[in-house]
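No value in this document is a laboratory result; all are computed from the given coordinates. Please read these numbers as outputs of a predicted model, since none were measured by experiment. Virtual Cβ from ideal backbone geometry, glycine too; neighbours counted across all protein chains shown.
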Amino acid sequence: MFNNLASKAIVPVALSLTGFVIICSLILCSSIKEDLLETAVQQETNLAATVVTSTRYAMMTDDRKNLYHIINSIGDQEGVEHLRIFNKEGVIMFSSKPEELNQVVDKSTAGCIECHSGSEPALRLGSMELARRFVNAQNRNVLAITSPIYNDSQCSAGECHFHPSQQKVLGTLDIGLSTDSMDSRLLTLRWKMIVFCIMILILSVGGVSALLRRNLLIPISQLMDYVKKVSGGSLDNDYPKGVNEVEILGEIYFDMAREKHLAEMALKKSKKADN
Amino acid sequence: MFLRRKQKQNHHLSPDEGVLSPDSRRQEIHIRIRYLKKQIRYGQWWMALFFLVSLGAAANFRFLPPISEEVRIFLGASPSPSLISIALIVYAFSALILIFGHMNTGPRRFRGWSHIGYLSAFYLFYYYTDALRDNFWPVFIAGLTILGLENYRVWSGCSEAIKEEEKVLAYLEK
């Protein structure tokens, strides 16, 4: 099956081309996914910083009603899966979901362990280290960011408040956004890549096959037929024309056959003359 | 290579001392056919080994103990997954070009064992950077393509040689 010229010429090319295009497409997809994720984390970090800034005054004045209102308004936005503020002990003080209030978060879970893995909690992490991905109870893919709320001079020196200046982190804001739109964009991209790969493969493998067939396989097959015909006794010069190498081969074979034929005729004539 | 060496050895012998008896020629041809068939089998064994390594990688090497902090400190910071991916593309491209080169001039010997090492190293690098789940398929497809092409090269070369040897054997049997 693989011993003819067509498969010997096409199989290695098709195999290597298919494999290489698939590898490049998969890596490209993975790289685009990484970029999108990084952008999403950056946007979410900015959103978390905006929330912390917006709630700072309400926190300083201990205006819990206003704080609840801000948290609930942001939590009701489309795509926001959860928004919580923990205190230093890991107790949820404010949340867009009232049922979560006063619950304690385990510091060894994802989102907390990044800072609390050592004996002393880390104070600053990169934005990618603050992010985590998980599937929530509603079976939605969530990208969440935990952003520490740092102490500053206004908090520690304010008359109304009680945080000592040596306390670096006052609490943590945890915001989770649905990744549905990003996932659907990635899925569309994946399908586009698959279609693109198939088109490239059809074009390249089909192009190579068509050119090989037109310029090599058909002329060789015609040359084989011609050689068989001449070997059978027919002496005509309709050898395949158009491809130089095959044409020269056909011409040489025709000359050889003609010379052999002439030699045979001469031999016959001389035999007749002898008789 | 083996065949060429043998042919050269035979070529240098004088007709009186160098012409082998039909029995020893048959024996030599059988040895050569066995050698060629072994090369084809080697390729299949290495391919099977690659599938085994890939099975482990697909399971994110769960059977391995987690990399401890001391080992991570000793080995240093991991390269970024995108750098490993660039290296994978360059490796796959070079490997395919080399195999195509061997198709014309190389020996009919399976040379894919080094590729198992390289591909396993890529799995391990991605594992070390915690990016194996996202990058399993590119390495797997690279392995399939490279080892598939190498196997095809060995198979087609060896099959042709076996066919030639069998023709000579059939002629000797007459």
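So the values come out like this:
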| item | result |
| --- | --- |
| Intensity falloff of the protein assembly as shown expressed as log10 I(q)/I(0), Debye formula with alpha-carbon point scatterers, at q = 0.08, 0.11, 0.13 Å⁻¹ | -0.73, -1.04, -1.24 |
| DSSP H segments from chain B that extend 15 Å or more along their own axis, Cα-based, with Kyte-Doolittle mean of -0.5 or above | B:22-58, B:81-105, B:113-128, B:132-173 |
| Theoretical FRET efficiency, 1/(1+(r/R0)^6), r = Cβ-Cβ of B:Leu52 and A:Ala263, R0 51 Å, to 0.05 | 0.15 |
| In nm, spacing of pseudo-spin labels at B:Ile67 and B:Asp130 (7 Å Cα→C-beta vector) | 1.1 |
| Estimated FRET transfer efficiency when R0 is 60 angstrom, pair B:Ile97-A:Asn275 (beta carbons, to 0.05) | 0.30 |
| Electrostatic dipole magnitude of the protein assembly as shown [Cβ: Lys, Arg +1; Asp, Glu -1; Cα centre; debye, to 20] | 2560 |
| Packing-based ranking, highest mean first, of B:132-139, A:183-190, A:240-247 given that Cβ atoms within 10 Å are counted | B:132-139, A:240-247, A:183-190 |
| Label-point gap, in nm, between A:Leu203 and A:Thr39 - each point 7 angstrom along Cα→Cβ | 2.5 |
| Residue mean of other protein chain beta carbons inside 10 Å, B:140-151 | 4 |
| Whole-number D in µm²/s for the range B:2-173 (Stokes-Einstein; Kirkwood sum over Cα pairs; 37 °C, 0.692 mPa s) | 173 |
| At R0 = 25 Å, FRET efficiency that the Cβ-Cβ distance of A:Ile252 and A:Lys228 yields, to 0.05 | 0.95 |
| Ranked list, fewest to most other Cβ atoms within 10 Å of each Cβ, for A:Glu100, B:Glu165, A:Glu89, A:Glu78 | A:Glu78, A:Glu89, A:Glu100, B:Glu165 |
| Average beta carbon contacts from partner chains per residue of A:26-33, 10 Å cutoff | 6 |
| Extension gain, A:Lys192 back to A:Leu235 (0.36 nm per residue minus Cα-Cα distance, nm) | 9.7 nm |
| Most mobile of B:Glu150, B:Glu164, B:Glu69 in a GNM of chain B (Cα contacts under 10 Å) | B:Glu69 |
| Two-site label geometry, A:Leu28 and A:Asn87: point separation in nm, points 7 Å out along Cα→Cβ | 5.4 |
| Other-chain or far-sequence residues with amide H under 5 Å of A:Asn151's (modelled H) | A:Val169, A:Leu170 |
| Shielding by other protein chains, A:4-13, mean Cβ within 10 Å | 2 |
| Packing rank of A:62-70, A:261-269, A:40-48, where each peptide gets the mean count of other beta carbons within 10 Å, highest leading | A:40-48, A:62-70, A:261-269 |
| Positive-end extreme of charge dipole, the protein assembly as shown - chosen from A:Gln77, B:Ile89, A:Leu201 (charges on Cβ) | A:Leu201 |
